[in-house]
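The next block holds one structure in the form of structure tokens; read it before the comments.
The values are calculated or read from the model by the stated rules, or taken from the named source; none is laboratory data. None of these values were measured; they are calculated from a predicted model. Every residue, glycine among them, receives a Cβ derived from its backbone with ideal geometry; neighbour counts consider all protein chains shown.
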Number of protein chains: 2
Amino acid sequence: MIMKYAIVGTGAIGGLYGAMLANAGEEVHFLLNSDYAIVKEEGLHVISEVFSNIHLDKVNAYQHAADMPVCDVILVCLKTTSNESVLPSLVQPLLHDGSVIILIQNGLGVEADVAAQFPGTGVAGATALISVNKVGPGQMHHLDYGDLEIGNFNIEDAGMIDRVVAAFDRTGLIAKKAEDLNTLRWRKLVWNITFNGMCVVLNTTADKLLADRATYNLSKEIMHEVILGANACGALLPEAMVYDMLQFTIAMRPYAPSMKLDYDAGRPMELRYIYENPVAMAKAAGYYMSKVDMLLQQLLFLSKY
Amino acid sequence: MIMKYAIVGTGAIGGLYGAMLANAGEEVHFLLNSDYAIVKEEGLHVISEVFSNIHLDKVNAYQHAADMPVCDVILVCLKTTSNESVLPSLVQPLLHDGSVIILIQNGLGVEADVAAQFPGTGVAGATALISVNKVGPGQMHHLDYGDLEIGNFNIEDAGMIDRVVAAFDRTGLIAKKAEDLNTLRWRKLVWNITFNGMCVVLNTTADKLLADRATYNLSKEIMHEVILGANACGALLPEAMVYDMLQFTIAMRPYAPSMKLDYDAGRPMELRYIYENPVAMAKAAGYYMSKVDMLLQQLLFLSKY
């Protein structure tokens with residue numbers, strides 16, 4: 001079965017994954033905003049430090065969702081901060097009876113909120129382990145990694161995620177179906193909660209945090225709290241992953257977390273799904289993430305100044 | 001008995017208290033550093049929003065401790081960050097057999113360290129509830145409050161602190177002998193730990209922290225932690241003081257905490273006595289101040305950048 005893909009939000013993540021799918025022969029339709037005219041004219045470009053570079057000359061680019069065909073797989077690659085306000089108008093025109101929505105987004109609880117916006121449409125969540133920056137309109141610089149993991153929330157068609165995983169596999173990326181969405185989400189949060197917020201509050205980068213003894217220890221303690229929070233919520237993450245993730249972060253090329261880029265650019269931070277929901281859900285399950293809550297409160301303060 | 005006072009460190013605090021003692025007729029000798037020449041020439045000036053202004057024309061001003069007479073009461077008004085390196089050379093020349101050292105400084109454990117530097121000399125600690133800025137050489141602007149409370153550490157002469165309290169009383173200030181130094185120190189830390197560090201990390205002022213719902217709650221939680229830490233260390237502070245102190249801080253004229261001034265000026269922050277000792281002592285007594293420790297770790301990181 002040939003599937004049609006829609007990329008809702010052709011930024012760094014959406015641009016890269018969409019370009020890789022299209023390059024591997026899938027039918028991909030890109031929704032763009034400010035970059036529409038340039039991408040229509042000049043196509044999409046990926047400079048990759050990991051794979052071959054990609055240049056897509058002819059792109060199915062659209063400025064308005066109403067102009068797009070209905071698609072089988074809607075890949076939402078926007079920041080969660082705009083889910084509430086823009087998803088209904090951007091996604092509704094793309095849906096047919098069998099469409100599924102896959103949220104390549106960060107945080108906890110986002111699938112439930114989106115599923116409530118689109119009753120009857122199956123939703124899944126995906127985490128992307130990737131370092132990619134948009135360096136110009138339609139121009140992505142892919143620095144490192146690329147793995148994609150997809151976890152089902154309420155898609156009824158049992159083979160759907162397998163077919164999407166297979167399509168991503170054909171691009172050369174490592175793609176995987178997660179056994180449990182809750183565990184997938186919490187695992188990614190161990191990194192995101194720790195380094196996104198700390199980089200904003202201390203105006204720094206993850207490598208500098210780990211080069212200092214005090215913040216190395218604090219990072220470890222925050223990761224530890226998130227794992228206990230995850231465990232309370234039924235996501236059985238092992239303690240040992242703290243050390244794996246520290247090693248991984250030390251080995252990473254210096255890379256500003258997305259929340260730091262958002263804060264520096266004056267854009268809203270993804271506090272609701274990355275901090276507020278995890279703190280509230282862990283608390284409701286009986287574990288109070290004290291330092292994570294402090295980080296959230298500091299970020300809430302900074303978001304107003 | 002007429003007593004001789006030495007002011008070691010004639011900054012905002014030392015300048016104000018020394019000028020008030022001298023103005024009330026006490027014999028006060030001031031040790032100065034960079035302000036020496038101007039104060040010798042032009043005297044000390046206090047512009048007070050609370051009391052009458054003071055102008056001391058003739059000041060016993062010294063640039064070197066070796067030139068000063070021995071004194072009965074040595075009031076140390078330096079930042080604790082210089083205790084280790086400079087107190088021996090600045091205080092030793094001022095001591096006779098009956099001298100006492102009173103530390104008008106912030107933090108926990110400072111008396112024990114200073115007593116170890118001066119075996120055989122009695123030491124006490126004092127907390128100053130005061131808003132005062134040095135606005136020029138020998139020029140103090142006294143904005144609010146002024147209360148001084150003195151707690152004994154190891155002074156053997158039982159009447160000594162009473163006599164110092166009486167001398168301060170005659171200046172018009174409210175002075176008091178504390179029943180328990182440990183409780184006095186912890187009580188002051190409830191404010192200092194909360195607002196000093198938060199103003200540095202979030203680059204703001206106490207009034208702005210309390211005007212925001214997230215940091216208002218965080219401030220309350222940190223105060224609560226300090227009270228539990230104090231209680232673990234035998235300083236029985238009541239929970240209700242959180243609300244008194246919040247009200248007090250909201251009513252205060254906006255005032256940058258000293259640690260914020262130090263950080264902005266590139267001076268070392270008083271982390272050892274205000275954060276490291278309290279965290280370690282509470283932990284040793286069985287209570288871990290999780291958020292205070294996080295604040296300390298953030299401050300340690302910032303102190304290096």
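Just one of A:Asp207, A:Asp244, A:Asp212, A:Asp264 is modelled with pLDDT under 95, within 21 Å of B:Val201 (Cβ to Cβ), out of contact with any strand residue (DSSP E or B) (no Cβ under 8 Å at 6 or more places or on another chain) and of a type in the set (D, E, K, R); which is it? I'd like the intermediate steps shown before the answer.
Details: A:Asp244 fails: within 21 Å of B:Val201 (Cβ to Cβ); A:Asp212 fails: modelled with pLDDT under 95; A:Asp264 fails: modelled with pLDDT under 95.
Being modelled with pLDDT under 95, within 21 Å of B:Val201 (Cβ to Cβ), out of contact with any strand residue (DSSP E or B) (no Cβ under 8 Å at 6 or more places or on another chain) and of a type in the set (D, E, K, R) holds for just one of A:Asp207, A:Asp244, A:Asp212, A:Asp264, which is A:Asp207.
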Close pairs from the range B:103-117: first of a type in the set (D, E, K, R), partner modelled with pLDDT of 95 or more, Cβ under 7 Å, at least 6 apart:
B:Glu111/B:Leu103; B:Glu111/B:Val123; B:Glu111/B:Gly125; B:Glu111/B:Phe153; B:Glu111/B:Leu181; B:Asp113/B:Asn83
Considering only the range A:157-166, I want to know if a residue exists there that is within 14 Å of the chain's Cα centre (by Cα) and either closer than 29 Å to A:Met223 by Cα or in contact (Cβ under 8 Å) with a residue 24 or more places away in the chain (or both).
no
Of the residues in the range A:214-265, those that are within 25 Å of B:Leu295 (Cα to Cα), without any contact (Cβ under 8 Å) to a residue 24 or more places away in the chain and away from chain B (no Cβ under 14 Å) come to A:Glu239, A:Tyr243, A:Gln247, A:Leu261, A:Asp264
Within the range B:201-213, can you find the residues that are facing another protein chain (nearest Cβ under 8 Å), free of Cβ contacts under 8 Å to residues at least 40 places away in the same chain and of a type in the set (A, V, I, L, M)?
B:Leu202, B:Leu209
Just checking, does the range B:208-219 include any residue being closer than 30 Å to B:Ala19 by Cβ, in contact with a Pro (Cβ under 9 Å, 6 or more places away or on another chain) and either in a helix (DSSP H, G or I) or in the same structural domain as B:Gly107 (by TED's automatic domain parsing) (or both)?
no
Sole residue being at pLDDT below 95 and not assigned by TED's automatic domain parsing to the domain that holds A:Leu189, chosen from A:Val28, A:Val8, A:Val50, A:Val59
A:Val50
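Let me confirm something: among B:Asn83, B:Asn33, which residue is within 18 Å of B:Lys134 (Cα to Cα), free of Cβ contacts under 8 Å to residues at least 40 places away in the same chain and under 21 Å from the mean Cα position of the chain (by Cα)?
On the way: B:Asn83 fails: within 18 Å of B:Lys134 (Cα to Cα).
The conditions single out B:Asn33.
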Quick check: anything in the range A:129-142 in the same structural domain as A:Ile101 (by TED's automatic domain parsing), within 28 Å of A:Leu295 (Cα to Cα) and modelled with pLDDT of 95 or more?
no
